[in-house]
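Below you'll find the structure, written out as structure tokens, and then a few comments.
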Amino acid sequence: MIDTDGIYARASAKLREKMYLLKGQWFEKRDACEVCGVDGRPQHQEYRDAVGRVLYNWTHELKKEPIFEQRGKRYRLINRDFKTVKPGDFSSKEIEFVWPYGIDDHTSFQFDKSISIQKGDVIGLGGEGNKGKSLFGLNVVTGNMDIHPTTLVLSENVHRLEERLSHFDWVDIYKDGDWKFEVLEAHGAAEFLDIARERCNNLIVFDWLSVTQEAYRVAEFYEELGKMLDEGVALVIQQKRSYKDYPVGGEGALDYTSAFLLLQSGRISVEKAKVTKDFDPTGKMYSFKIIERGSRFHDISEVKNCHQCKGKKYYQGDICGDCNGTGYKVVGQYFTDEEVGYTEDIEL
Ligand SMILES: [Zn+2]
């Protein structure tokens with residue numbers, strides 16, 4: 001004897017909880033099943049049927065205020081929650097935001113002076129494997145924990161957090177025996193969105209977003225994330241595929257972020273800066289070093305691609321002599337001997 005009423009009740013509760021993931025798009029029954037965690041396995045048949053009945057009932061039986069509209073096999077969530085705009089909504093939304101900087105030498109990513117971060121903003125940081133993305137995230141957390149309620153969401157290396165933080169000796173990260181920021185372990189876009197909904201007024205750093213297992217595209221994740229945030233701000237760290245210029249999700253990730261940074265092999269470039277103050281840093285690139293066991297940035301400089309090798313590091317089959325194989329040159333400075341490996345300075 002199958003408890004169909006219980007299954008129906010569970011399916012409707014689950015769909016009610018997860019249907020925000022289906023907002024703003026036409027979807028089919030299998031998409032609704034997927035957000036509810038129901039897949040194509042034979043033992044899920046009863047649940048698939050139940051989800052189907054919920055969709056039907058919420059479309060047809062709630063005559064007064066149906067939740068979905070239907071066209072053929074596709075459904076759409078009817079939105080009754082419109083975003084209203086009031087006078088003054090777009091003024092004074094800027095928040096104080098401390099970007100990472102060179103702790104020991106006081107060098108800075110100069111975009112920190114110009115990018116304006118506003119309440120509700122989503123910032124993206126894409127990059128290759130082990131190149132400093134988590135360091136960037138941790139520095140955002142510790143830089144802002146005294147001025148904003150801050151949440152760090154980790155999807156991996158949770159066990160390494162204490163060791164990494166033990167090198168953050170320039171700042172007091174403890175209060176009453178606990179960290180001054182909250183640390184949550186979570187995996188995947190759906191859980192991240194749940195956290196954003198619950199912490200919509202916090203500064204949230206997501207380290208990092210894995211999208212390979214998710215059916216929902218990255219752009220949709222960013223869009224949803226922006227809607228979840230109220231006065232809070234989110235920094236999303238996501239993996240870049242080495243063979244692509246953009247992180248997983250492509251340029252779509254840029255559409256719904258207010259700032260997008262790309263971190264690769266000792267350099268950060270500004271891919272997007274929506275609201276800026278004295279200059280637009282879009283397209284600018286900054287080199288850096290990482291010191292003290294991966295706890296801090298150092299020697300940050302604005303750089304440009306080398307004219308000779310065009311940033312490719314090789315020229316006519318050899319390591320480019322003009323930039324010594326780095327692919328870039330520091331803007332408005334000479335290379336130091338150590339960087340160049342020569343005894344004489346090279347004029348730019
Ligand atoms: Zn070069």
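Here are some notes:
- Structural descriptor for region 110-283: relative contact order 37 percent, calculated from alpha carbon pairs under 8 angstrom and at least 6 residues apart.
- Within region 110-283, DSSP assigns beta bridges of which about 30% are antiparallel (rounded to the nearest 5).
- Mean separation of Cα contacts under 8 Å, 6 or more apart, over the residue count of the chain: relative contact order %: 16
- About the centre of its Cα atoms, region 4-77 shows a dipole size close to 200 debye [charges on the beta carbon of Lys, Arg (+1) and Asp, Glu (-1) only; nearest 20 debye].
- Helix 4-18 vs. the chain, principal-axis angle (Cα, 0 to 90°, nearest 10): 30
- Exposure proxy shown here: for D318, D169, the number of other Cβ atoms within 10 Å sets the order, fewest to most, as D318, D169.
- Unmatched cysteines, the chain - criterion: no other Cβ of a Cys under 4.7 angstrom: C33, C36, C200
- Among N130, N144, N202: highest mean-square fluctuation, GNM of the chain, C-alpha pairs under 10 Å: N130
- Put in line by how crowded their Cβ is, counting other Cβ atoms within 10 Å and starting with the fewest, F168, F221 read F168, F221.
- Helix content alone sets the calculated 222 nm mean residue ellipticity of the chain: runs of n ≥ 4 DSSP H residues at -39500 (n - 2.57) each, divided across all residues, give -7000 deg cm²/dmol.
- Between R296 and I291, the built amide H atoms are under 5 Å apart, and every one of these is 5 or more places off in sequence or on another chain.
- Taking a straight Cα-Cα cut-off under 15 Å and skipping sequence neighbours fewer than 8 places away in the same chain, the aspartates and glutamates within cross-link reach of K113 are E94, E96, D278, D280, E302.
- Cα shape, region 110-283, gyration tensor, a/c 1.5 rule: rounded
- Taking T151, T257, T59 as the candidate residues, the one with maximal mean-square fluctuation in a Gaussian network model of the chain, Cα springs under 10 Å, is T59.
- Helix 218-228 and the longest principal axis of the Cα set of the chain meet at an angle near 80°.
- Once the Cα atoms are used to define both axes, helix 45-60 deviates from the longest principal axis of the chain by about 80 degrees.
- Under a Gaussian network description of the chain, with springs only between Cα atoms under 10 Å, the residue in A50, A190, A253 that fluctuates furthest is A50.
- Positive-end extreme of charge dipole, the chain - chosen from Y328, L235, I173 (charges on Cβ): L235
- Residues whose amide H falls under 5 Å from that of L184, counting only those 5 or more places apart or on a different chain, are L152, V153, L154, with hydrogens built in the peptide plane.
- Partners for K83 among lysines (Cα-Cα distance below 26 Å; same-chain residues under 8 apart left out): K14, K18, K23, K63, K64, K93, K119, K227, K272, K274
Bear in mind that the values in this text are calculations on the coordinates, not laboratory data. Treat the numbers as computed from the prediction; the structure is a model and nothing was measured. Don't worry about glycine lacking a Cβ; one is built from the backbone with ideal geometry, like all the others, and counts go over all protein chains shown.
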